[in-house]
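Engineer: Here it is: the structure, laid out below.
The values are calculated or read from the model by the stated rules, or taken from the named source; none is laboratory data. Quick caveat, the model's predicted, so the values are computed rather than measured. A quick note on method: Cβ atoms are made from the backbone with ideal geometry, for glycine too, and the neighbour counts reach across all protein chains shown. Remember, those area values only see protein heavy atoms, side chains included, never the ligands or the DNA or RNA. Shrake-Rupley method; radii C 1.70, N 1.55, O 1.52, S 1.80 Å.
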Amino acid sequence: MATDRTNMFRPVATAIAAFVALALVVTAGVWAAAVRQGVEQQTREGRVALTLAADRLSGQLRRFREAAVLLADHPHLIAALSDQADAARAERLLRQVADKTGALDLAVLDAKGLTVASATGAPLDARGLPSFQRAMTGALGRDREVAGGVRVFHFAAPIFAESGPAMGAVMVTIDMGLVEDEWRGGGTAVYFTDEDGVIFVTNRSELLLRQTAPGPLLGADTWQIGGVSGLRLEEGPYIPARALGLVQDMPVVGLTAHGLIDAAPAFQAARLQAVAVLALFLVFGAVLYLLTQRRRVLAEANAKLEARVAQRTARLEREVTERKEAEAALRQAQADLVQAGKLSALGQMSAGIAHELNQPLMAIRSYAENAEAFLDRGQADVAGRNLLSISDMARRMGRIIQNLRAFARAEDVPAGVIALDDVRAAVLELMGSRLEDTDLTWPQTPGLHVMAGEVRLQQVLVNLIGNALDAMAGQAAPVLEVVTSAGPKAVSIEVRDRGPGLDDPDKIFDPFYSTKATEGMGLGLSISYGIVQSFGGQIRGRNRQGGGAAVEVILPRADRVAEAAE
């Protein structure tokens, strides 16, 4: 048995080993090709950057060289060599040019190399400078030196006498540190060496005045990968650790430009490509292996899946039935809750309702007794007026009882077109006694209709006005405003009070949330929210500026529907 199993797995192991070996070989080839391609790209970009740096330095130095050539023909400087009395005028001219060009110093030198006039007023002995010696031969001279810790570059232009030979020179001295300030810290590390291999100018301060011989940097190790060679450096965080060295001659200024191009991006890109290829190979091999294994277990998995689907289907059918029953129970509970809210509101208004009914009853009794007395006296006309008053009082009591009966019954009709003024009149009848000591502002809105249920909208407004009155309980002169505004598609009814405001306006419509200390279950606004939502409207609360709260009910406008029905 063990032998058979070994023989079965041996071809598989051989195939896996061959596949892995092929993947490694292809990965190595992709890596080497990607390194060469990346290095070539980096080299091209580096040569462009080095050329730009060299042109920039040449252009900066060319400005000072041209200044020396132009000043050599200036009559003030020629006159200063001929007559020492003109030296002051020449110094003023040199200072002006130094300020404009940014030169460290400008000086007029006689044939011996001694200073006749200078921009700084400091004497300069140029007899040993190669630039001055070359200028005295009639050519433009240049040289470099480190003087007092400052790297300077000299340009010397000859001043010719009328007879022809040079009788002196104009020397421009440039502080190379100031030149570097304009481009120090650039993206590519570049440096410029003189004839002795000393780094005289660079955008990396850690390389200044370093000796380079024979390669780009003294003591740099080299590396070679995939036919590409470069430098391995340890010069600090701003010098690439693995660099490509580029060189460009600058014969105009007597320097050689060097660039250290960071090869890390090329290696990183090659590494990513190699990893991607290797991952692709491994994924492809894994997919092949998994596909072969999947065939064997597919039938078993399919059978298990069908059994689970059957079980899940039966469970879902039970859940659907239970959910339908729960939704029906929820709708019934919501309807019961709405009815309970209305009955609760009626209970809170019972004292006021009794007062509203008691007043007409007492008046009816008084008018009846008076009518009897007037009839005994034979004053039938006065008795008739009392009977008319009794009739008015009976009609008023009938309206109150009719509104109470309509408010108390469960409204099962869908939302329709209702007049807002009818709802306003019914609410004022229901809450008349609670509003006696309140300064109420609620203008009429003739002809304005909304889509809602009349009794349910009454319940919402009774609840909002009752909450507003509760919030202002204890105030000597409570003020309540009901503001109605109509837009083209919606109507807004906002109940505003001057109470303490809402602690958390976002929670007032949550069930069982209440700010009343001793009474209230926190269901009134939650029920109102559900009623308004059933009309296709919105309800929201906010705190008013200056104190108080406002609850706004937004309902669909139905004026056009009402006009069409008429």
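Engineer: Efficiency by 1/(1 + (r/R0)^6): what FRET value for residue 305 and residue 492, r their Cβ-Cβ distance, R0 = 51 Å, to the nearest 0.05? Before the final figure, lay out the partial values.
Structural biologist: Details: r = 56 Å, r/R0 = 1.10.
Computed FRET efficiency for residue 305 and residue 492 comes out at 0.35.
Engineer: Leaving out ligands, DNA and RNA, and with a 1.4 Å probe, what % of the accessible surface on segment 418-465 is carbon or sulfur?
Structural biologist: Details: 810 of 1740 Å².
Ligands and nucleic acids excluded, carbon and sulfur reach 46 percent.
Engineer: Separation between the residue 388 and residue 21 pseudo-spin-labels, each 7 Å from Cα along Cα→Cβ, expressed in nm?
Structural biologist: Between residue 388 and residue 21, the simple spin-label model gives 12.4 nm.
Engineer: Would you calculate the separation in nanometres between label points at residue 282 and residue 47, each defined as 7 Å from the Cα along the Cα-to-beta-carbon direction?
Structural biologist: Using points 7 Å along Cα→Cβ, the separation is 3.9 nm.
Engineer: Only four residue types carry charge here, +1 at the Cβ of Lys and Arg and -1 at the Cβ of Asp and Glu. Report the dipole size of segment 139-185 about the Cα centre in Debye, rounded to the nearest 20. Don't skip to the answer; put the middle values down first.
Structural biologist: Numbers: 4 positive and 7 negative charges, 23 e Å.
The dipole of segment 139-185 has a size of about 120 debye.
Engineer: Follow-up question, since we're still on this one. Can you tally the net charge around residue 205? Count Lys and Arg as +1, Asp and Glu as -1, for every other residue whose Cβ sits under 10 Å from the Cβ of residue 205.
Structural biologist: Numbers: positive: 184, 204; negative: 180, 206.
Net charge around residue 205: 0.
Engineer: Can you bin segment 242-328 into rounded, prolate or oblate? Criterion: square roots of the alpha carbon gyration tensor eigenvalues sorted a ≥ b ≥ c, rounded for a/c under 1.5, prolate for a/b above b/c, oblate for the rest.
Structural biologist: On the way: a/c = 12.54, a/b = 2.85, b/c = 4.40.
The shape class here is oblate.
Engineer: Report the label-to-label distance for residue 372 and residue 479 in nanometres (one decimal), using points 7 Å from each Cα along the Cα→Cβ vector.
Structural biologist: Going from the residue 372 label point to the residue 479 one covers 5.0 nm.
Engineer: So if I take the centroid of the Cα atoms in segment 486-510 and the same for segment 37-98, what is the distance between those two points in Å?
Structural biologist: 78
Engineer: Under 5 Å between amide hydrogens, which residues at least 5 positions from residue 203 or on another chain qualify, with H placed 1.01 Å from N in the peptide plane?
Structural biologist: Under 5 Å from the amide H of residue 203: 190.
Engineer: While we're on this one: Which value, in debye to the nearest 20, gives the size of the charge dipole of segment 20-86 about its Cα centre, when Lys and Arg are +1 and Asp and Glu are -1 at the Cβ?
Structural biologist: On the way: 7 positive and 7 negative charges, 104 e Å.
For segment 20-86, the charge dipole is close to 500 debye.
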